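Written below as structure tokens is the structure these notes are about.
The values are calculated or read from the model by the stated rules, or taken from the named source; none is laboratory data. Computed from a predicted structure; not experimentally measured. Counting neighbours? That spans all protein chains shown, and the Cβs are built from the backbone with ideal geometry, glycine included. Protein only, heavy atoms only, side chains kept; ligands, DNA and RNA dropped before computing areas. Shrake-Rupley method; radii C 1.70, N 1.55, O 1.52, S 1.80 Å.
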Amino acid sequence: MLPMTTERANDGSLSLEQALARTEAAADATLRAAGAATKAIKQARSAAHVGNLRDLRTAMAAAEQAVAAVQAQIGQTLESWDFDEDAYLSDGSFARELLEAAGRANVRMFEQDERLYCYPALIRILPAERAVLVDRVRERRLRPSVLVTHLQTVQSLPPRFKPEDFLETLFKAYSALVAKGRKDALGRGIAERLIDIYGLLTLLPGQTREYSRQEFARDIYLLDRSGHTVTRDHQVVSFPASTGTRSSSAVIRVVTESGEEKMYYAIAFTAGQ
């Protein structure tokens, strides 16, 4: 987890949570001023409606002052938002603040390879869009406390990941790779690199954006953790390691829900009994 002081960004400026709270408070003050203006205007209308000439001019003057107060308060509200969201979302500050907010809410969240892991969700920050991707769903509520609450809700929902379906998809891709060597090799436990499996799954243009390597790694881990190991054709999956795995560029790395790094390199299917 990346370090950050509890309530402020590294340069001592306001955190996003604080900046939003400040603007929210200013907007609340504007609403109160608008309410007072509305009340004053209603009093002027009431005086005009019944022809109360004694109170009409006083009510009109009060309404004018109340509207001026609203205009002044709107100006203060606009000035309250001077936050550099471009830099904050891009330089890692938002990720650090989100990690801290998750920690305060006792929500497990970890960072690796420009992704935040909050199992079962994978979060990607999209600075240009002022949004985050929670798995593949765009979420524009970026206030850290609100986003963390949303992630808690996501965690409480039934998992959308189906290990049996994912296992069948892996087996199809694995079968295509193994068949390139020997046609009778299927079911003999020959290891194929997971990075090559991922390549087959994302052959179409733009697929690596739709299904990132980090998502693939997360899904491999969820499958491994699920205990679902046998395909419909009675092929048993395993994930062989490799010597020198830690330094290999073909390693698939994932952060587990406990914050530990887990590595995968290869996959094999062996015919069951």
query: Any idea what the dipole of the chain comes to, in debye rounded to 20, about its Cα centre with Lys/Arg Cβ at +1 and Asp/Glu Cβ at -1?
result: 700
- prompt: Using 7 Å Cα-to-Cβ label points, what is the E64/S258 separation (nm, one decimal)?
  reply: 7.4
- prompt: What is the gain in length, in nm to one decimal, between R104 and R57 on full extension, counting 0.36 nm per residue of separation less the C-alpha to C-alpha distance?
  reply: 11.4 nm
query: Given a Förster distance of 45 angstrom, what is the FRET efficiency for H228 paired with E24, based on the Cβ-Cβ distance and rounded to 0.05?
result: 0.45
statement: Tilt, helix 144-156 to longest principal axis of the chain (alpha-carbon atoms), in degrees rounded to tens, equals 50
statement: In the neighbourhood of E257 defined by beta carbon distances under 11 Å, the net charge of the other residues (Lys, Arg +1; Asp, Glu -1) is +3
message: Once you place label points 7 Å from the Cα toward the Cβ at A72 and V236, how far apart are they in nm?
response: 8.0
query: Measuring from a point 7 Å past the Cα of S13 along Cα-to-C-beta, which residues in the stretch 83-102 have an amide N at less than 18 Å?
result: 83-98
field: Loop GluC sites (Glu not before Pro), the stretch 108-173, which have at most 14 other Cβ atoms in a 10 Å radius of their Cβ (DSSP)
entry: E114
- prompt: So what is the accessible area of the stretch 145-243 per residue, in Å², with the probe set to 1.4 Å?
  reply: 57
